[in-house]
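**Q** I am attaching a structure below and will ask some questions about it afterwards.
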Amino acid sequence: MLDDWGLRRGGGRGEAVTALFVGESGTGKTMAAEVVAGALGVDLYVIDLSTVVDKYIGETEKNLERIFVGAEGLNAVLFFDEADALFGKRSEVSDARDRYANVEVAYLLQRIESFDGVAILATNLAANIDDAFRRRLSVLAEFARPDAEQRLALWRRMLAGVPLAADVDLAFCAKAFGLAGGDIRNAAVTAAYLGAAAGTVGMREVIAAVGLEYRKLGRLCLADEFGPYLDLLPR
């Protein structure tokens, strides 16, 4: 299509497919990147920022260049999690640190432009992504929190292999607790641990697990949400 219809870009620019996955933590951005790589039959290269970002000037760009070249050579999908840390907005230059931070973003803009492959950026802070990257995006996919029906499907899927007691009401959990998919998975695993000794998971373990997840998220366990199961929360 690019050749026959004359749509191939000039100027030595690549033909990258670049996607930005936007959504709250736990909404499935990383899982979706794994699905994309699996559907293409290639590896997913998750960029570890701790091995990329370097305090010495110019070293971060060198590390990124090695990653881009390696991904092109191996036909892999690049996945930048917490992409706003690398692709953040450029700022006005007030000192040397601002200047070099802007140089790093400018390098990424040029490198994405010349990349021949698939690159996926994920963030829960889309407003912090530099506006110039948006023009270079092929796809912008927003990941919303699941609704009650989707949460019920997630609860059932996560606990499909777990022996559940007769009092477990997953429909109530799905309707009452507005958790993201990753949070539901964490609660399901915690409930399984709590019920492992008894060999079964009851509503007490599920409610306790949700309460622990709420605590991690900094949310209060309110009677309006927990309803008749509020007394099952550990004191």
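**Q** In the list Leu121, Leu137, Leu108, which residue meets the criterion of being part of a loop (DSSP other than H, G, I, E, B) and modelled with pLDDT under 90?
**A** Details: Leu121 fails: part of a loop (DSSP other than H, G, I, E, B); Leu108 fails: part of a loop (DSSP other than H, G, I, E, B).
Going through Leu121, Leu137, Leu108 in turn, just one is part of a loop (DSSP other than H, G, I, E, B) and modelled with pLDDT under 90: Leu137.
**Q** Within the stretch 53-77, work out how many residues are within 15 Å of Glu113 (Cα to Cα), modelled with pLDDT under 80 and not charged (D, E, K, R).
**A** Of the residues in the stretch 53-77, 1 are within 15 Å of Glu113 (Cα to Cα), modelled with pLDDT under 80 and not charged (D, E, K, R).
**Q** Moving to a separate point now. Give me the pairs: first residue in the stretch 202-231 and under 13 Å from Phe172 (Cβ atoms), second residue hydrophobic (A, V, I, L, M, F, W, C) and in a helix (DSSP H, G or I), beta-carbon distance under 6 Å, and six or more apart or on different chains, which are they?
**A** Val206/Ala191; Ile207/Leu232; Val210/Ala187; Glu225/Ala176; Tyr229/Ile207; Leu230/Ala223
**Q** Return the only residue of Ala188, Ala171, Ala180 being free of Cβ contacts under 8 Å to residues at least 60 places away in the same chain, among the aliphatic types (A, V, I, L, M) and within 21 Å of Gly23 (Cβ to Cβ). Can you show your working first?
**A** Values: Ala171 fails: within 21 Å of Gly23 (Cβ to Cβ); Ala180 fails: free of Cβ contacts under 8 Å to residues at least 60 places away in the same chain.
Answer to the check: Ala188.
**Q** For the subset of the stretch 110-131 comprising residues that are in contact with a Lys or Arg (Cβ under 8 Å, 6 or more places away or on another chain) and of a type in the set (A, V, I, L, M, F, W, C), which member is surrounded by the most Cβ atoms within 10 Å (Cβ to Cβ)?
**A** Checking each candidate, the answer is Ala122.
The values are calculated or read from the model by the stated rules, or taken from the named source; none is laboratory data. Note that this is a predicted model, so its numbers are computed, not measured. Note that we place each Cβ from the backbone using ideal geometry, even for glycine, and neighbour counts take in every protein chain shown.
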